[in-house]
1. Which of the peptides 81-87, 95-101 is most tightly packed, and how do the rest follow, going by the mean number of other Cβ atoms within 10 Å of each residue?
2. Label residue 100 and residue 45 with points 7 Å out from Cα along Cα→Cβ: what is the distance between them in nm?
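Throughout, read-outs are computed from the coordinates displayed, never taken from laboratory work. This is a predicted model, so every value here is computed, not measured. Glycine also receives a Cβ, built like all others from the backbone with ideal geometry; neighbour counts cover every protein chain displayed.
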């Protein structure tokens, strides 16, 4: 009987440890997935802000006939002339008209 109990005392901590390790590994995977979803949401929000900036610049051009002198809320207008523009953040830029957000400066 003493031998059976000592085997049981060894087996229970191993089972509990295995369960905790499995829970931690599954939790780590879900936290990585959550981080990826947050990053995707941030990128989608930045893309929407770039689209809004493009709309502001197009409205400016419709009124003034040029992009020169235009501003875009929340962005730096790195370049703007009669036919094109480039707005940027610290990590991405949008060259337009008709461009899509790209990594890096203008």
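1. 81-87, 95-101
2. 2.2
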